[in-house]
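Colleague: One structure, pasted below without further comment.
The values are calculated or read from the model by the stated rules, or taken from the named source; none is laboratory data. The structure displayed is predicted, hence computed values, not measured ones. Please note: Cβ atoms are built from the backbone with ideal geometry, for glycine as well, and neighbour counts cover all protein chains shown. Surface areas here come from the heavy atoms of the whole protein model, side chains and all, with no ligands, DNA or RNA. Shrake-Rupley method; radii C 1.70, N 1.55, O 1.52, S 1.80 Å.
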Amino acid sequence: HSLATPEGDVLLDQFVEIMVGAWRTANANLCSISVNYGLSLERMIAAGQYDWRSGDITAKRFPIAGEGITQYEAKLFHFDHAISSEKTIEMIAGADAANPWDPGKIEHLLAFGAKYPEEQRKHPIVALGSSCRISGICRVPCLNGGDSGRDLSLGWWGGDWGDDGRFLAVRKLISGS
């Protein structure tokens, strides 16, 4: 009965405003990317126009499998504290059981870096879905940057990631989404 009064209208408006704000906050990191699987790794890297890249990022170490152009919804996960690679993957996988996220692979990271080049100047962005071993150490692709430029590098899988890192996750967009 209280909601069917002028005061109830004000309460409903406040509730809607709070819910819309919560939705915007929860979805602030959502964006879309397109991966063109017809491009070689080298051409994907070139599209990002990085100022520096690790010479250890090669097609042999990071093979890409897929065909055509695929659309993805992408999200940067941030946990606001140091976190291991394993725990990050667990948290990403459990973020939405109805429409699960997958850790981004190098092709997703490169598409993201090409489309949103300034994001990596704000914080490191890691793709835990691709890895390689170099001198016995597991490495994963990362985007880093700052005023001095934008880098495509490799981070260490082991240990904890700092509290400033973002972790790219993707899921395929369904036609008509």
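Colleague: Using a/c under 1.5 as the rounded threshold, could you call the stretch 27-105 rounded, prolate or oblate? The axes a ≥ b ≥ c are square roots of the C-alpha gyration tensor eigenvalues, and prolate needs a/b larger than b/c, oblate otherwise.
Modeller: Working: a/c = 1.94, a/b = 1.48, b/c = 1.31.
It comes out prolate by the Cα gyration axes.
Colleague: For the stretch 76-124, with all protein chains present and a 1.4 Å probe, just round the carbon and sulfur fraction of the accessible area to a whole percent. List each step's numbers first, then the result.
Modeller: Values: 1280 of 2390 Å².
Whole-percent figure for carbon plus sulfur exposure: 54.
Colleague: Lysines within cross-link reach of Lys122: Cα-Cα under 17 Å, excluding same-chain residues under 8 positions apart?
Modeller: Of all the lysines, those that pass the test against Lys122 - Cα under 17 Å, at least 8 places apart if same chain - are Lys75.
Colleague: Between Asp51 and Ile174, take the C-beta separation as r, use R0 = 41 Å, and let me know the FRET efficiency to the nearest 0.05. Each step should come with its number before you reach the end.
Modeller: Working: r = 36 Å, r/R0 = 0.88.
In this case the efficiency is close to 0.70.
Colleague: For a Förster distance of 35 Å, can you work out the FRET efficiency between the beta-carbons of Ile69 and Ser135, rounded to the nearest 0.05? Write down the numbers at each step before the final one.
Modeller: Details: r = 36 Å, r/R0 = 1.02.
Using R0 = 35 Å, I get an efficiency of 0.50.
Colleague: State, to one decimal in nm, how far the label point of Met91 lies from the label point of Tyr37, with both points 7 Å from Cα in the Cβ direction.
Modeller: 3.0
Colleague: A further question on this structure: Give Lys60/Lys115; Lys60/Lys172; Lys105/Lys172 a once-over and call out the pairs whose C-alpha atoms are over 23 Å from each other. The partial results should precede the final answer.
Modeller: On the way: Lys60/Lys115 25 Å; Lys60/Lys172 25 Å; Lys105/Lys172 13 Å.
As for pairs spanning more than 23 Å Cα to Cα, those are Lys60/Lys115; Lys60/Lys172.
Colleague: Would the stretch 64-177 count as rounded, prolate or oblate if I go by the C-alpha gyration tensor, calling it rounded below 1.5 in a/c and otherwise prolate when a/b exceeds b/c, oblate otherwise? Don't skip to the answer; put the middle values down first.
Modeller: Details: a/c = 1.41, a/b = 1.23, b/c = 1.15.
Taking the square roots of the gyration eigenvalues as a ≥ b ≥ c, the stretch 64-177 is rounded.
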